Every structure is written in C-alpha cells, then in structure tokens.
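S.K.: Can you read through this structure? Questions will come right after.
Only the coordinates and a few stated rules stand behind these numbers; no lab work does. In this text, all values refer to a predicted model and were calculated from it rather than measured experimentally. Cβ coordinates were reconstructed from backbone atoms using ideal geometry, including for glycine residues, and neighbour counts include every protein chain displayed.
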Amino acid sequence: MYKEFYKPQNYVNRELSWIDFNGRVLGEATDTANPLLERANFLGITQSNVDEFFMVRVASLHKLAAANVTTTDASGLTPEEQLDAVNEKEHRMVKQRYEVYNQQIIPDLARNDIHILHVHELAEKQYEFIRRYFNDELMPVLTPMADDASRPFPFISNNSLNIAVQLRRQIHSTNKLVAEEILEGDQEVHRPQIEPHDDRQEADIKFATVRVPEIYKRLVRLPGENSFILIDEIITEFLSALFPGYEILATASYRVMRDMDLDVAEEDTSDLLRAVKRQLREREHGRVMRLEVPASIDEWLKDQLIDNLHVSERSLYEVDGPVDLTFLKKLSGMVDGHDDLRYPPYKPYLNPALDMDHNIFSSIRQKDYLMQHPYDNFQAVVNFIHQAAIDPDVLAIKMTLYRVSGNSPIIKYLGMAAQQGKQVTVLVEVKARFDEQNNVRWAQRLEQMGCHVIYGLVGLKTHCKVALVIRRDEDGLRRYMHLGTGNYNDVTAHFYTDMGLFTCDHELGIDMTNLFNMLSGFARPAYFNELRVSPDGIRTFINAKIDEQIENAKNGNPALIRMKMNSLSDKQIIARLYAAAASGVKVELLIRGITCLRNDLPELHGNIEVHSIIGRFLEHSRIYYFKSNGHEEVYLASADMMTRNLNRRVEELYPVTQPDTKAHAIHIFDVMWKDNVKARRLVGDHYERIDRGDAAPFSSQEYFVKQAMKLNAREKKEKKAKKHFSSVFETLTRHVPNLHLDERKDE
C-alpha cells in the first residue's frame, strides 16, 4: 500500500530542506524577543552550519556529478540539478544573512554601546593601538605568498581566512637606492636598501596572498568599552609593510570551503586507524566547493582567485560585509557586562540519588531514571562512570564513544578504571565527522591507559550511545546501563537536548552484552529481547509499529503515532507514514531539521501535523511513541529516520517501560507539542510560525528550565531543613545526654 506514495512530487529534496532548516535558525537571529547577543550567536551559527553543509553534502553532490551519475533522489532531481538548486537557494540565503547583519545586528549592537568598527571609524588612540598591535603581534607571524613564474599559486587551506593583494612595483629613478619603511617598536625607521635586479617589466601587476593567523582571535578588543575590530582589517591597513617597494592597488579578504568528507575504503584496509590518519592528511587538499569574497572585490583579484582555485560561477559567493560571520559566535563571551543581552543563567537539576554522595547502583536497583539534558544535569552520567571506576565491586565497563569533549572526564574515569584492574572496553568511532582527529587521539590515549579499544564494524559507523557496567552485587552479577540519544560529551550536553535512561533491566542487560559482543567480535546475535539495533533492526521494528497502527485504524480504533527526531528523510518510512495517515492514523511529528515529508497531499486527510522547534537549546533527542486503545509504547533512540541511520550505522532503540519513566517521556512530548513560541508548523513543503491567536505564549524550553529551577529550589530547601534538624538534634543530645529519641513512643 505504501509504495503508491513513491512519487517524486510527494517528497521534498533533502538538501533544499536542510537550507530551509538553516533559514529557521536565521529566523532566531531576527527575533527581537531573543536577547541581542544570542541573536548575534544565531547568525554565527547559520554561517558555521552552511560551512559544514558545503564541506560534506555539497561535496558529495559534486563527486556524483563529476562521475556523471544521473540517478535521481526521492524528489526526482539528479546530482547536477541538486547542485544548481542548492547554490541558487543558498545565494538567496547569503543575501538574507548579510541583510540581518548590516540592518539589524550591527545597528542594534551600536544602540547598546557595543561596536564592531572599521579602520576609518577609529579614534586616534584606537588607531595607534592597532598600529602597535600589528607591529608587535602580527607582523612577525605573517607570511606574504607571491604568485609568479618561480612561485606557483599558494595552497589555500580549507576554511582559512586570507587576504588577496593586487600589487604593482613602484617606479623609481635610475638611482637603485630606495627607502624602505620598517616599523620597529614605536619608531618608523627608514633604511636605504639596494634593490635586487629584476628583468621583469617594472609596472607588471602582481598577485599575492596573506593568510590570517588562526592563533589570534578574529575580534580584537579596542581601547574603549566593548569596541572591537576584525583582525583582517588591521592586517589590510598595514599590508604595505609586508611588500616594500610595491604599491598596493587592491585587497580583499576571502576563504574557501573544500571537500572535507572522509572517504575510507574500510574493506581494503587492515588498519582502520592508520587509514583514517592518512585520509585526514589527504582531505586537506579536497576540491574547492565554495569561494567567499566581499561584493566590493576588485575584478582582477576576483578573476585571479576564480582561475587559480578552479571555482565555477555558481560556487562563487559575494557577500555584503565581512567574509565569514562565525566570529559572531564569540562575541557574547568578549562583551563586558550586558547580562540583559544574554539568556538568563540557570542550573541544571541533579537528582540526589545520582550524585557522588549516594550509591548510584543502589539507586538504579530501586528504579529506572529518565534524564532530559540539559535540564537534568549531565553530571549524573559522569558520576555513573566515576563510581564504576572506583567501586571495588565493579568488574567491567563497556562503552561507545562517538563525540567527546576536548577534556573529557569520562575518558579520565575510564582510564582510572583500567588502571585499577577493571576490564574496560571502549568503542571509539574514529570516523565521526570532523571529530576524527580528536577521536584518534582519545583512542590512543585510552590504549595507553590500559583500555581495550575497538573501532566498530567494517563499513558502518557506530553511532549508538550506550554504557554497560558489570557489578558483583550481594545476589550475584548485575548489569547496570545507561542508554542515550546523544553523545557522551560534557560540553555539548549544556546546549543539546538529549534523553538518557539508567536501568538494570535484566532482559535489556542481556541485549547490551550481545551488542558489545557483536561490536568487538564476529558474531551477530540471533535476536535481541528489548533492544533494537540498526542496520536493519530499527527499520524493521518501526515499519512493524506503523503497520500495527494502520491495522488498528482500519479496525475502527483510534490510533496515534508520535515521533521526535532531528531529521526525516528516509523514503520508505515517509511512505509508510503517508499510508498510516491515509488509513486514519493521527501522525504528530517533532522534527528539528531536514523534513522530506510534505503534509498537504489530499490522500492524507490532514492527519499529519509536523512541528519544528528552534530555540536556545539544540533539539537532539529522539522519541518514538505509539498509542491505540489506551495502550502506549514509548521508545528512545540514537537514530533519526534517515537512510544512513537505518542502513549504514550501528544505532540503538530501547523501550521506556516503567510507569513513571514512561509517563515522564510522554509528558516531555506533550509539553513540546504545546510550544507556540519557538515551534513552527509544516504547511505543505515549508514551515511557518504558529499563529497563537488568543492563546498565551508557551515555550517548551523555557518551561523545562523553570522546572529545573523549581527542583533545585526544592532540593535546596530540603537540604536546609535537614541541616536545621541535625543542628537541633545535636543541641538536644549535647544538653540532655540521657535523652534517647529513638526509644520514645507516640502517645
């Protein structure tokens, strides 16, 4: 039945849908209800988002087009057609981004006495400051690179900021003694210099480029409160110091995005770690996907860059402002004061049962714990691994790591456990995009500390987020687990919303053992009890659950499917959801990003509603919920409904079964579904702001923050009461030594 929906007009192109998602992020930069410095941050995020998009997704399309692949995607577009559509749409998005920058962010910052200045706007004291800064800090590390007959066009690194320079040799008299101006400290020194003989035409136009050093911050703080200038403007102002004897005719900042997708032929390598290291070196020289220049660039300079970087017209992006807006992500951290221009701080809630003063394993034996980060403190997960490392009754720890922070406490405690003689097995996914180098380093570090490190299955990325602790309890061995929807990363856990489950469920524990045996050995388990594992397992399971709801609806019973995910792009899953809606199943979807489904097909009878929440925190959790005849099933997963997650990755999907945790998971979805502030609603193939009408504004993320603050306040009050009681008891026992309160009976 569902295959009748396999028509191109029923699907939205994945890449175009992603650009629409980035447009929703841009919408947060324009929303004046957001604090100003957070709006600037959102604008910076849109830039870094699109940078990664070109380095990976657009690069993939280029490879297919270069190989003359004409196969169409679900929406009926060939790779070449997708490239045209993507670049056309992104050119419009670039214009919108810089309109927001020039017409909203910069003026609003200035109204709040925060200034990003140009050289011509500097006061005399500020200009003197940048002259000294250039002389003392920048001049020694800058390297001008020429392009001429003896020096080929220099290699331009991916995502590096550079300054293109158009030069002409100055014409002097026959006297070969010329003056060279050099900056030394605070003095300008004029030294005579013998000009080297040059047979070339003295009036030739030359090209050179200067790379802006990444070791310095892009924003340079100026004298005067909260005034800044871009470092590339400082370098441009004093470029003549790098080219004595030449006249600078034109300059322009620029940068390139290269193909940075890692392409490891795992089947042909016996050493995955070595292969990844080799590919990391080679990908630095990937093909240029995008050239970004200012709209005011000199035509000659632009032609030089286009010709030497081999860039097509559609891949050239001319921007009305500073090249690369990602510096805006750093602005809030550099501005002094102005707390009113940032999100108000809050403290995540840490359940006392999961802190280091309590035995976490004893707590988990009593009941399951469902966590929702960042509102629930990720420290609980760190504590779980920490206690496992120091508990003498723990025999083994097994864990998967996809992305971890640069100074991960979890890595530290895994190493500590190994050094104390525990069996520690860690799967480190060395192919995690843009974390490859970090993960290679961590894998080697873990091995040095005595951990057994594995790299997963050939041809698959291991994306599941699971930790298994084997402990000897009084009644025998027991498996304690944490299963999550997001990474074991203590940094991103502050701004990614994810969910995790602490449990010691027996059947799930057996499944986890089988999963780790599959990852470290050769055999694939014949079956899993409660866990569903992709490839294949999650797709088969979700298909079956959708089909169950279709049957329920056909039998006249109310049926509901609810899903929360990052992206929905799998053609088969979408077709099944279409079939469910056509059969009368109510489908409610929360999708942050890519949405290849459209909900305006007449056959759907209006039964599919889709919301997308973009706000302070990046929605990252995955919930799959099915309800009919009062029977509810709730599952959490590491996987989105994307073909890559279902077919080419090791992912986990697990049930939430205890009544309180299941009710909590359903409550989380209910709250998010009520959001009418940060949620947009899908209308056909695009999202629109929800019209609240007379309804009170409600932000789900603000609600969860307030709930965390209430729990913290309650916990603080209870601790204070306990402390007071202890103090009273101590006073009584000190002054009445023969008083035995435990022997008193109720009257």
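S.K.: Could you tell me what fraction of 2.2 N^0.38 Å the Cα radius of gyration of region 564-690 comes to, as a two-decimal ratio?
M.R.: 1.04
S.K.: Please find the FRET efficiency linking VAL458 to GLN9, where r is the Cβ-Cβ separation and R0 is fixed at 51 Å, and quote it to the nearest 0.05.
M.R.: The pair VAL458/GLN9 has a calculated efficiency of 0.85.
S.K.: Let me ask something else about it. Run the numbers on region 533-692 and let me know its relative contact order in percent, using alpha-carbon pairs under 8 Å that are six or more apart.
M.R.: Relative contact order, region 533-692: 26 percent.
S.K.: Sticking with this structure for a sec: At what distance in angstrom do the alpha carbon centres of region 8-24 and region 661-675 lie from each other?
M.R.: Here the two parts' Cα centres lie 27 Å apart.
S.K.: Then there is this: Report, to the nearest 10°, how far helix 537-554 tilts away from the longest principal axis of the Cα atoms in the chain, using its own Cα long axis and a range of 0 to 90°.
M.R.: On a 0 to 90 degree scale, this one is about 60.
S.K.: Show that you can apply the helix-only estimate: for the chain, add -39,500 (n - 2.57) for every DSSP H stretch of four or more residues, divide by all residues, and state [θ] at 222 nm to the nearest 500. Don't jump to the answer; show the numbers that get you there.
M.R.: Details: 20 runs with 261 residues, N = 747.
Theoretical 222 nm ellipticity from helices: -11000 deg cm²/dmol.
S.K.: Now, a different point. For the chain, build the charge dipole from Cβ charges (+1 Lys, Arg; -1 Asp, Glu) around the Cα centre, then report which of TRP442, LEU401, ASN308 sits farthest towards its positive end.
M.R.: LEU401
S.K.: I've got another one for you. Helix 409-419: angle to the longest alpha-carbon principal axis of the chain, degrees 0 to 90, nearest 10?
M.R.: The answer is roughly 70 degrees.
S.K.: Another question, if that's okay. Here are labelled values, (1) 1.02; (2) 0.99; (3) 1.06, and one is the computed Rg/Rh (Cα atoms, Kirkwood Rh) for what I pasted. Which one?
M.R.: (1)
S.K.: Give me the percent relative contact order of the chain, please, defined on Cα pairs under 8 angstrom at least 6 residues apart.
M.R.: Values: 1329 pairs, mean separation 87.5, N = 747.
Once normalised by length, the contact order is 12 percent.
S.K.: Here are some pairs, LYS545/LYS586; LYS571/LYS674; LYS347/LYS706; LYS63/LYS95; which of them have Cα atoms lying more than 18 Å apart in this structure?
M.R.: Cα-Cα > 18 Å for LYS571/LYS674; LYS63/LYS95; rest within.
S.K.: Residue separation times 0.36 nm, minus the C-alpha to C-alpha distance between SER520 and GLN420: what's the value?
M.R.: Gain on stretching SER520 to GLN420: 33.8 nm.
S.K.: Distance cut-off 23 Å, Cα to Cα: go down the list LYS422/LYS662; LYS217/LYS329; LYS329/LYS431 and report the pairs above it.
M.R.: Distance filter (> 23 Å) returns LYS422/LYS662; LYS329/LYS431.
S.K.: What chymotrypsin sites (Phe, Trp or Tyr not before Pro) does region 457-535 have in DSSP loop regions with at most 10 other beta carbons within 10 Å?
M.R.: On the way: sites: TYR480, TYR488, PHE495, TYR496, PHE502, PHE516, PHE522, TYR527, PHE528; in loops: TYR488, PHE495, PHE522, TYR527, PHE528.
Hits after loop and neighbour filter: PHE522, TYR527.
S.K.: Write down the percent of antiparallel bridges among all DSSP beta bridges whose residues are both part of the chain, to the nearest 5.
M.R.: That works out to approximately 70 percent antiparallel.
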